[in-house]
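This report refers to the structure that appears directly beneath it.
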Amino acid sequence: EITIQTESLVKAYDGIALTSQGWIISAGQLLNGHRIEYVMTSSITNPGTINNNISVVIYDQNNQVVTQGYDINYDLGRLTVEPINLDISTETNQKVYDGVALTSSVWTIINGTLLANHRIEAVMVSSITLPGQTENQIDIHIYDGQNLEVTSMYNVRLYEGTLTVLPIEITIQTESLVKAYDGIALTSQGWIISAGQLLNGHRIEYVMTSSITNPGTINNNISVVIYDQNNQVVTQGYDINYDLGRLTVEPINLDISTETNQKVYDGVALTSSVWTIINGTLLANHRIEAVMVSSITLPGQTENQIDIHIYDGQNLEVTSMYNVRLYEGTLTVLP
């Protein structure tokens, strides 16, 4: 019993066949005068692994075949061709949105080398126009001097950069307005681009629906859509900041005074229903209903209080539309 072991070899792909004639008897031995004749035809050129096969015939000293006198075990080596490591990177690039697609055809071999007669054909179709980011992808094919594709002979690792389009930053500022309550809604269509600018040929269409009638304050909101010269929506090409104005309706200032009066004690209650608007004006169709219940009989003094409610032409209470300040007189009974 003998064991024949064949050689194992490894190399990187180079276009030349890998073979081996190496073998040993790793266990057992031939009888004296016996010899081995062998054939080893295993061959591999492209990346992969095969057995390093061997075929043997054993002869004795009389050149008679005595192979059958041996129990032959084979410990076959392996012939391995590894692909060439090739690392390729693509460019990383960015720009601010300008309506033109951002592309790149720049790539670089950052590790490894092509064989002398090999060449790369690269296709790069990544493209981005609107703000965002995409991989700068590459599709490569490698050819030899006979224009046969040999891409599989390489272990290609891709390090793809990115293509980034940044939005144009603009600020839209809406108008602020203030007025006193008059029963009419306060609105505004006023706005400006206070920072940044649109690209040539771009325009803004806007809607402003903020409206306030009663006293208070709200934002002067705006909704915008941006179009290019081909009437295509390109709003997403912009990073829009909003500096919203305020629409404010202030209550009408209304100052009301009540009468100051006095008398000597006579046993009869002293009252007064006299009041006056000393500052401000009611709207044309508004009216005041006043309740004055202050009363004093015995000597002393009390405020001449008033409770007012204001109504419009439809008898709806609108007191809250006014900033009513009361200047109440006094009722005095002298002893």
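The values are calculated or read from the model by the stated rules, or taken from the named source; none is laboratory data. Keep in mind it's a predicted model, so treat the numbers as computed, not measured. Cβ placement follows ideal geometry from the backbone for every residue including glycine, while neighbour counts extend to all protein chains displayed. We work out accessible area using only protein heavy atoms, side chains counted, and drop any ligands, DNA or RNA first. Shrake-Rupley method; radii C 1.70, N 1.55, O 1.52, S 1.80 Å.
Quickly run through the range 1-51 and pick out the residues that are hydroxyl-bearing (S, T, Y) and either part of a strand (DSSP E or B) or under 60 Å from the mean Cα position of the chain (by Cα) (or both). Once the filter is applied, which keeps residues that are hydroxyl-bearing (S, T, Y) and either part of a strand (DSSP E or B) or under 60 Å from the mean Cα position of the chain (by Cα) (or both), the range 1-51 yields T3, T6, S8, Y13, T19, S20, S26, Y38, S42, S43, T45, T49. Among the residues making up the range 54-83, those that are out of contact with any Phe, Trp or Tyr (no Cβ under 8 Å at 6 or more places or on another chain) and farther than 20 Å from Q29 by Cα are R78, L79, T80. What pairs come out if I take residues in the range 230-253 that are more than 25 Å from P131 (Cα to Cα) and pair them with residues that are charged (D, E, K, R) whose C-beta lies under 8 Å away, six or more apart or interchain? Between residues of the range 230-253 that are more than 25 Å from P131 (Cα to Cα) and residues that are charged (D, E, K, R), the close pairs are G245/E175; T248/K179; V249/K179; E250/K179; N253/R325. Considering the conditions (1) touching a Ser or Thr at 6+ places or on another chain (Cβ under 6 Å); (2) touching a residue at least 60 places away in the same chain (Cβ under 8 Å), L283 is excluded by exactly one of them, (1). For L130, state whether it is open to solvent by less than 50 Å² (accessible area, probe 1.4 Å), under 30 Å from A195 (Cβ atoms), touching a residue at least 12 places away in the same chain (Cβ under 8 Å) and not acidic (D, E). So L130 fails the test. Here is the figure for the range 1-36: residues that are in contact (Cβ under 8 Å) with a residue 60 or more places away in the chain and loosely packed, with under 11 Cβ neighbours inside 10 Å total 1. Determine whether the range 246-261 contains at least one residue that is more than 30 Å from D98 (Cβ to Cβ) and in contact with a helix residue (DSSP H, G or I) (Cβ under 7 Å, 6 or more places away or on another chain). Scanning the range 246-261 turns up at least one residue that is more than 30 Å from D98 (Cβ to Cβ) and in contact with a helix residue (DSSP H, G or I) (Cβ under 7 Å, 6 or more places away or on another chain). Residue count for the range 291-313 under the criterion of being surrounded by 13 or more Cβ atoms within 10 Å (Cβ to Cβ) and of a type in the set (A, V, I, L, M): the result is 5. Tallying residues that are among the charged types (D, E, K, R) and either closer than 25 Å to N214 by Cα or open to solvent by less than 50 Å² (accessible area, probe 1.4 Å) (or both) within the range 314-329 yields 2. Annotation: of all residues in the range 289-331 being among the β-branched types (V, I, T) and without any contact (Cβ under 8 Å) to a residue 24 or more places away in the chain, the one that is farthest from I256 (Cα to Cα) is V293.
Residue by residue, here is whether (1) among the basic types (K, R); (2) without any contact (Cβ under 8 Å) to a residue 40 or more places away in the chain; (3) over 24 Å from S104 (Cα atoms) holds:
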position	(1), (2), (3)
H118	no, yes, no
Q137	no, no, no
I172	no, no, yes
D182	no, no, yes
L186	no, no, yes
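For the range 106-120, a residue qualifies if it is surrounded by fewer than 17 Cβ atoms within 10 Å (Cβ to Cβ), in a strand (DSSP E or B) and under 35 Å from the mean Cα position of the chain (by Cα), and the qualifying residues are T108, I109, I110, N111.
Table: residues versus (1) open to solvent by 80 Å² or more (accessible area, probe 1.4 Å); (2) out of contact with any Asp or Glu (no Cβ under 8 Å at 6 or more places or on another chain).
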{"residue": "V65", "(1), (2)": "no, yes"}
{"residue": "T80", "(1), (2)": "no, yes"}
{"residue": "N85", "(1), (2)": "no, yes"}
{"residue": "I88", "(1), (2)": "no, yes"}
{"residue": "E91", "(1), (2)": "no, yes"}
{"residue": "Q94", "(1), (2)": "yes, yes"}
{"residue": "A101", "(1), (2)": "no, yes"}
{"residue": "S104", "(1), (2)": "no, no"}
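Looking only at residues in the range 140-157 that are out of contact with any strand residue (DSSP E or B) (no Cβ under 8 Å at 6 or more places or on another chain) and free of Cβ contacts under 8 Å to residues at least 60 places away in the same chain, the one that is surrounded by the most Cβ atoms within 10 Å (Cβ to Cβ) is G145. Give the range 210-267 a look and list any residue that's of a type in the set (D, E, K, R), touching a Pro at 6+ places or on another chain (Cβ under 8 Å) and within 26 Å of V293 (Cβ to Cβ), or say none. Those that are of a type in the set (D, E, K, R), touching a Pro at 6+ places or on another chain (Cβ under 8 Å) and within 26 Å of V293 (Cβ to Cβ): none in the range 210-267.
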